[in-house]
Amino acid sequence: MIGLLIKDLYALKKQWRVVFLITIIYLVFSISSENMSMFSTISIVYAIILPMSAMAYDEHCKWDKYALSLPLSRTTIVLSKYVLGIMLNLAAGILVSGVNVAFSYYWGQDIGEAIATALGISGAGLIMLAVMLPVLFKFGVEKARLIMIVIFLVPTLLVLLVPGVEFDLSPQLLSALPYLLPVAIVAVVLLSMLISVKIYTRKEF
């Protein structure tokens with residue numbers, strides 16, 4: 001597992017400078033507007049995109065066919081991508097939380113809200129990762145990109161285009177959300193892992 005993670009991080013080494021540069025640019029924009037949402041969002045987005053890039057490298061180099069000739073189980077290969085995505089998401093979440101808290105304190109804004117925003121975006125990133133990886137394992141990177149655009153774009157367009165859509169949540173449910181959402185996110189990620197392992201186990205290279 002550790003070797004697979006090192007391999008992926010090494011494969012992504014050319015992208016780190018680009019990621020760093022774009023993140024700094026968004027950080028400057030966010031500071032100038034005193035709104036950290038742009039920086040927070042782009043940080044988590046890159047944490048989601050990078051595992052896809054690692055899989056694109058694997059696909060281009062025919063890595064899976066070679067990996068299966070090694071003493072590696074298919075489950076280990078699949079889980080390594082999840083661990084990579086979760087690690088990157090966790091790192092981005094810590095970065096976003098730290099930066100948000102620091103500047104919220106400096107600007108006299110609500111620190112609790114800054115932390116909640118960072119945690120919410122990080123949780124959304126994990127959900128997107130859980131949706132994305134089974135599609136990638138099933139269809140490959142090129143086809144999966146188009147499918148994921150549809151998956152994420154259609155619900156957004158429906159909410160924007162259909163007038164009068166409101167979500168009324170009871171006070172009891174709102175108070176329970178901080179406890180329910182982490183459990184729901186973990187459940188979704190675990191289910192996604194099971195689906196991906198099943199897909200990859202049946203896949204032929």
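Read the figures in this text as sums done on the coordinates, not as results from a lab. Quick caveat: nothing in here was measured; it's all calculated off a predicted structure. A quick note on method: Cβ atoms are made from the backbone with ideal geometry, for glycine too, and the neighbour counts reach across all protein chains shown.
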- Message: If you average the C-alpha positions of segment 185-205 and of segment 119-146 separately, how far apart do those two centres end up, in angstrom?
- Response: 12
- Query: Which of the residue pairs Lys7/Lys81; Lys143/Lys203; Lys7/Lys143; Lys14/Lys62; Lys14/Lys138; Lys65/Lys203 have a Cα-Cα distance greater than 21 Å in the structure shown?
  - Reply: Lys7/Lys143; Lys14/Lys138
- Loop-located trypsin sites (Lys or Arg not before Pro) in segment 51-144, at most 16 other Cβ atoms within 10 Å (DSSP): Lys62
- If the chain between Val131 and Leu153 were fully stretched, how many nm would it gain, using 0.36 nm times the residue separation less the Cα-Cα distance? 6.6 nm
- Could you give the length gained on full extension between Leu79 and Leu21, defined as 0.36 nm per residue of separation minus the Cα-Cα distance, in nm? 17.9 nm
- Query: If you average 1/r over all unlike Cα pairs in the chain and invert the result, what Kirkwood radius do you get in angstrom?
  - Reply: 18.7
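Per the helix-only calculation at 222 nm, which mean residue ellipticity applies to the chain, given -39500 (n - 2.57) for every DSSP H run of n ≥ 4 and division by its residues, nearest 500 deg cm²/dmol?
On the way: 8 runs with 176 residues, N = 205.
Helix-only estimate at 222 nm: -30000 deg cm²/dmol.
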- Task: Report, to the nearest 10°, how far helix 13-33 tilts away from the longest principal axis of the Cα atoms in the chain, using its own Cα long axis and a range of 0 to 90°.
- Result: 10
- 15 Å reach of a label modelled at Thr201, 7 Å along Cα-to-Cβ, counting backbone N of segment 63-101: 73-79
- Angle between the Cα long axis of helix 2-11 and the longest principal axis of the chain, 0 to 90 degrees, nearest 10? 80
- Overall Cα dimensions of segment 105-148, principal axis frame, Å, largest first: 47, 14, 11
